[in-house]
Amino acid sequence: MKIVEKMKKNKRLLIYSLVWGIPVGASFVMGLRLDLQRMLFEGDGTLAFHVKNLLLLLVQILCFSVPAVGCAGYVLSRGTGRPEEQEKQAEGKEGQEEAQTEWKTRPLRQMWLFYLAFIFVCWLPVFLAYYPSVFAYDAEGQLYQVIAGDYSTHHPLLHTLFLGAFFRLGGRLGSYSTGMAVHSVVQMLLMAGAFAGALTYLYEKRTARWTRILLLLFYGLFPTNSVLAISTTKDVLFSALVLLYTVCFYRLTCDRNMQVTLKERAVCILLGVLMLLFRNNAVYAFVVSAPVLFWGMRRVKFDRESQQEASLWDGKAAGKEYLRLALGILLLFAVGAVLLKALTHAQSGSPREMLSVPLQQMARVWVHEENGELMDDQSLRREMEKFMPSERGFSVYDPHLADRVKNIAIIHDDPKGLVKTWIRLGMEYPGIYIDAFLDNSLGLWFLLDDTHARVYGIGTETGFGYLSTDNRTMPAGCEIVERSYLPGLRALMEKIVSDNEYEDWPVIKFLFAPALYWWLLYLYVVVVLYKKRYREVLPAVFLVVYYLTLLLSPTVLIRYMYPLVVTVPVILSCLTSGEKEENVKIDNKI
């Protein structure tokens, strides 16, 4: 009731609560409808966006939005009020000056080593349980490239070479398994170091102690982190780079006002270049987000009272500094990508990945209109047959996995014709297209989704489930031999990540949901806008655009979402900082 009273008195609080709550409510309505149709085996697969059902849809969204709006209102009103309210709260805290003095006496390097050691020790038993590594996902295909010397840009070349270096090291040591064990240890140290760096930044920023403790336990004990830390997938190191780049960018935009030293500029550029080299779709996200950030740098300003404070934030200067950083990252990435491709003589990857959603939409039209109007339109049928043979499309179609359709599609003979046919079908069957997109991306926005955890199957016997822990087959003489030193722990972990027993855990199960981290990121944006801390929106822009690229992925897997899993809790923790963000005076002496 108190929240309701606050919303009645504070229209700004109500508006921003609605901005977060209504989309959350809509996601539950759409997700539950799709889920119900899946269970009832309904053929049309529409969300009933017809006029006659519009009122019912709106009522359902309203009902589901009410609790979400209430939650948002609670978060916004509890210690995350407007700037003037925050200042009054900060002034009333006893012993604040003493706490700040104590803070400055603690060495940051010591804290970083402590965090690193704690996380590494937490992961060590999992490494012994899965020794030498979780040799899964794309490792087999990437190492085939290394063995044959026939490289492709389908997977990031830098990661293929990184993985191949340890594979070759194992060959020289007489055991490829040993090489993968070394890879696991090195990757664990790199990941633990990245997480420790983020926690040290939060410590330096004087965030609330409870947030740092929870985040430390999350990094060290959450099964997703420990298993992926020893996994051979490219998404692991990429996620660490996204985390470090975001922290670096946060420091520059929110703490330093883009008053950047040469060393800071070099570190930011290096992290950005490596991040783009480790994930192909990160390049698209970076290019799209760059103009938005440039515009934001020039527009966002302090709420200031004096000309002296105004001089601390020059939008034009900040925009120029970011432009230099962005152009430096893109230029060095382009040079690095060209050099890697030239040195390895790599072939270009197929454009099929970018067509995952369009091909999935076309296949769904095949399936749902098998005996409908499409069969009567012979010209449209002939066009479809050119790109997607119906006898194969019917059997391989999966609403939550575009890979099967993507692999049988014929796209090279007439790419323009494919696009024209896709557009023509979309004009004829917009409802099916919308439903195909929503079904394919369900786990990215629906908190109760479970399809992302069983896309390739489920069960300890297969090693498929929430995470893939199956040991991929390599050529004779190059096998990676599993040898668990803690079989009991491995059996326990397999129940969690392969048998998906986490789904039976109340509340905690939501930590495993990819959609949670999108809604937390969206909540972060809403909070900083409500608090008028507009600068702090900037570090979230790349993360938001990267998330949008995931909506076009062939399926939903937690490893795709992993950059947000490890990064969003950090920027959320920054909201508990003890600094007065709006009126802090920056020391120009570097």
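Values for this structure:
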| item | result |
| --- | --- |
| Residue list for the range 312-327, restricted to those being open to solvent by less than 20 Å² (accessible area, probe 1.4 Å) and either at pLDDT 90 or above or part of a helix (DSSP H, G or I) (or both) | G315, A318, G319, E321, Y322, L325, A326 |
| The range 451-477 residues that are of a type in the set (D, E), paired with ones that are loosely packed, with under 15 Cβ neighbours inside 10 Å (beta carbon under 7 Å, 6 or more apart) | D470/T462 |
| Flag if G463 is open to solvent by 10 Å² or more (accessible area, probe 1.4 Å) and closer than 27 Å to P506 by Cβ | no |
| In the range 243-290, the residues that are part of a helix (DSSP H, G or I) and among the aromatic types (F, W, Y) | Y245, F249, Y250, Y284, F286 |
| Pair list, Cβ < 9 Å and 6+ apart or interchain, from the range 565-578 residues that are closer than 9 Å to K205 by Cα to residues that are modelled with pLDDT under 90 and part of a helix (DSSP H, G or I) | C574/C254; G578/A90; G578/Q96; G578/A99; G578/Q100; G578/W103 |
| Residues located in the range 170-216, provided they are part of a loop (DSSP other than H, G, I, E, B) and either in contact with a strand residue (DSSP E or B) (Cβ under 7 Å, 6 or more places away or on another chain) or open to solvent by less than 10 Å² (accessible area, probe 1.4 Å) (or both) | K205, T207 |
| Checking Y485 against (1) assigned to a loop (DSSP other than H, G, I, E, B); (2) open to solvent by less than 30 Å² (accessible area, probe 1.4 Å), the condition it does not meet | (2) |
| Conditions (1) out of contact with any strand residue (DSSP E or B) (no Cβ under 8 Å at 6 or more places or on another chain); (2) of a type outside the set (V, I, T); (3) crowded, with 17+ Cβ neighbours inside 10 Å: number failed by M427 | (3) |
| Verdict on L161 being closer than 18 Å to F278 by Cβ, out of contact with any helix residue (DSSP H, G or I) (no Cβ under 6 Å at 6 or more places or on another chain) and either of a type in the set (G, A, S) or surrounded by fewer than 20 Cβ atoms within 10 Å (Cβ to Cβ) (or both) | yes |
| Qualifying residue in the range 96-114 (condition: touching an Asp or Glu at 6+ places or on another chain (Cβ under 9 Å) and either under 24 Å from P430 (Cα atoms) or at pLDDT 90 or above (or both)) | yes |
| Given (1) without any contact (Cβ under 8 Å) to a residue 60 or more places away in the chain; (2) open to solvent by 30 Å² or more (accessible area, probe 1.4 Å), number of the condition L241 does not satisfy | (2) |
| Count - residues of the range 122-151 that are farther than 24 Å from Y219 by Cα, open to solvent by 30 Å² or more (accessible area, probe 1.4 Å) and either of a type in the set (V, I, T) or outside any loop (DSSP other than H, G, I, E, B) (or both) | 5 |
| Helices (runs of 4 or more DSSP H) contained in the range 392-452 and holding at least 3 residues at pLDDT below 85 | 403-408, 415-428 |
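Condition check ((1) under 24 Å from I213 (Cβ atoms); (2) crowded, with 22+ Cβ neighbours inside 10 Å) across all residues:
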residue: Y517; (1), (2): yes, yes
residue: L523; (1), (2): yes, no
residue: L538; (1), (2): no, yes
residue: V545; (1), (2): no, no
residue: L548; (1), (2): no, no
residue: V556; (1), (2): no, yes
residue: Y560; (1), (2): no, yes
residue: V568; (1), (2): yes, yes
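The values are calculated or read from the model by the stated rules, or taken from the named source; none is laboratory data. Model, not experiment: these values are computed from the prediction. Glycine also receives a Cβ, built like all others from the backbone with ideal geometry; neighbour counts cover every protein chain displayed. Please note that ligands, DNA and RNA were not included when accessible areas were found on the heavy atoms of the full protein model with its side chains. Shrake-Rupley method; radii C 1.70, N 1.55, O 1.52, S 1.80 Å.
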